[in-house]
Amino acid sequence: MADGISKSLTGIEGFDDLTLGGLPSGRPSLVCGSAGCGKTLFASTFLINGARLYDEPGVFVTFEERPVDIVDNVASLGFDLQGLIAQERVLIEHIAIDPTEVAEVGDYDLEALFLRLEFAVDQIGAKRIVLDTIESLFSAFQNPAVLRAEIRRLFDWLKQKGLTAVITGERGDGTLTRQGLEEYVSDCVILLDHRVDNQISTRRLRIVKYRGTAHGTNEYPFLIDEEGFSVLPVSSLGLSHKVHEERISSGVPDLDAMLSGGGFYRGTSVLITGVAGSGKSSLACMMVDAACRRGEKALYLSFEESEAQTVRNMKSVGTDLGRWLSTGQLRYIGARPTFYSLEMHLAVMLREVARFKPDLVVLDPISAFTESGQIGEVQSMLLRIVDYLKSNGITGAFTHLAHGAQTETDAGLSSLMDAWILLLNREAHGEFNRELYLLKARGIAHSNQVREFVMSNDGIHLLPPYLGEGGALTGSARRAEEAKERRVESERRTEVARLQDQIEQRRRRALAQIEALKADLAVDEAELQRLTQAEASFRAQSERDVTEMARRRGFIGSADDTD
């Protein structure tokens, strides 16, 4: 809440965020617009929420509708206005003004009205007041000078009483109101617009001015449904998103293996593009199943298939989403893109995300919106969704119908995504085969190889295709090429085995020859040793014989005699 200005919460979902705290306390706020845009409902919600949520009783002053009609109208939105009236928290003051019965005479003014309003305010100690609509009050004034004076006087009286006031007014021709003065004396001016474009109805809100405080200035879609009046601040939230280091599985282990470290970062926005029948929705559903298996919640927003059809189709790949629907972990919302305008779809989606608080959100497919509006409007809507999910740490999966091997989406969203998966159907040899390309994954080293995408009763698997000279082969062509490669490999192994056997036989023969030569050499060495020993014995014996002969002949003895 801004310094210097006190604000009163309206309790209207999203509006208090846009105004940074609600409407200015003790000051008049003007809510203007054409018929049927929701002015009375906005004012009623402001008054009822003040009484039941913020302990601020209020007076509803109506100049057109009867009190019973107002009670019935808000009852359809879940508000027990009659109960608040019984508790004296809300007072409805019906003031019927018939212009034919009123004439400006002399100093005609609204003094009697002020007395009546003051009595009603004091009766319940009101802090808030609604005047619906101001045109009926001033319809009797024909003199512009008197009219302007009384409008200023009314607004000054509301300020003096310290009432937080909401005044509704019909939009004029070229001005915000018919009188063209209320917007100048109001401290806050809110314009509600109900337009129809291409037969699609859209309600939008714009804060025209808000004195003394910052506020959102764009147009914002708002909803009027069974849950009341709600606005969502859907402007881009900037680039200050919180990043996560945690990895989460895609539900396909082979795809996780293509990412270094396994899986995507939490809070990642994953774009899944592909041609018709390539498996985009099935891959998104595998991410949903993986999230629910982790005990998380998932929100599936479908714009083509019903809940029952998706559950049935996923059973063909061994995935039962019905159990997650029954446990409440999965919420499935299906709607045709043409059912709402783009901004109404945006408001509904973001409101569901805010209320369900999922960990994973799937939009299937975003290409369905390209026929509902201009490309720029679609880009703006999707940008707001991506920003909202990122700012809340929610992982997003967006499917998109591609036309061939596109490197850009029709919605121009690929550059906003953290990861991009492309699925293609390739026709070869009379059959279609699916291929998966992981085009990018920010902050994660990943495989750049194509994978064959196979869906079967036991889930989704990614097979490495055969990378031949002519490119990657998949399906029967891959299997035929692999069979041919196996035959060539078998023949090669047989020939290698034959050559190895021949070499082994030659080696054995060579070893046998070596052993024979070694044996002959051993015999020769033994014979040589015997000859050497015999020769040595012969020489020794010869020497002994010579010595003995010499002794007998007396050579040795004669020598002794001489001495």
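The values are calculated or read from the model by the stated rules, or taken from the named source; none is laboratory data. Quantities reported herein were computed from a predicted structural model and do not represent experimental measurements. Note that each Cβ is placed from the backbone with ideal geometry, even for glycine, and that neighbours are counted across all protein chains shown. Quick note on the areas: whole protein, heavy atoms, side chains included, nothing else; ligands and nucleic acids left out. Shrake-Rupley method; radii C 1.70, N 1.55, O 1.52, S 1.80 Å.
Along the stretch 279-287, what does the Karplus equation 6.51 cos²θ - 1.76 cosθ + 1.60 (θ = phi - 60°) give for ³J(HN,Hα), rounded to whole Hz, x for Gly and Pro?
x, 4, 5, 5, 5, 5, 5, 5, 5
At a 10 angstrom cut-off on C-beta neighbours, averaged per residue, how do the peptides 482-488, 321-327 rank from highest to lowest?
321-327, 482-488
Taking square-rooted eigenvalues a ≥ b ≥ c of the alpha carbon gyration tensor, is the stretch 250-357 rounded, prolate or oblate, where a/c under 1.5 means rounded and, failing that, a/b exceeding b/c means prolate?
rounded
Over the stretch 1-84, what percent of the accessible surface lies on carbon and sulfur atoms, probe 1.4 Å?
Solvent-exposed carbon and sulfur of the stretch 1-84 make up 48 percent of the total.
Can you list residues from other chains, or at least 5 along the same chain, whose modelled amide H is less than 5 Å from the amide H of SER29?
Here the answer is ALA165, VAL166, ILE167, since their amide H atoms fall under 5 Å of that of SER29.
Please list 3J(HN,Hα) in residue order for the stretch 437-442, calculated via the Karplus relation 6.51 cos²θ - 1.76 cosθ + 1.60 where θ = phi - 60°; whole Hz, with x for glycine and proline.
Using θ = phi - 60°, the values come out as 10, 8, 6, 7, 7, 4 Hz.
Can you pull the percent of the stretch 245-377's accessible area that's carbon plus sulfur, 1.4 Å probe, other chains left in place?
49 percent
Quick one: accessible area per residue over the stretch 1-90, 1.4 Å probe, rounded to a whole number of Å²?
38 Å²
Is the stretch 1-97 best put as rounded, prolate or oblate by its Cα gyration tensor, with a ≥ b ≥ c the root eigenvalues, rounded for a/c under 1.5, and otherwise prolate when a/b is larger than b/c, oblate when not?
prolate
Quick query: amide H of GLU13 versus all other amide H atoms, modeled in the peptide plane; which residues come in under 5 Å with a sequence gap of 5 or more or a different chain?
The list, which skips near neighbours in sequence, is VAL231.
How charged is the neighbourhood of GLY393? Take every other residue with its Cβ under 15 Å from the Cβ of GLY393, and add Lys/Arg as +1 and Asp/Glu as -1.
It works out to a net charge of +1.
Just the number please: accessible area per residue for the stretch 477-544, 1.4 Å probe, all protein chains included, in Å².
Here the per-residue accessible area is 88 Å².
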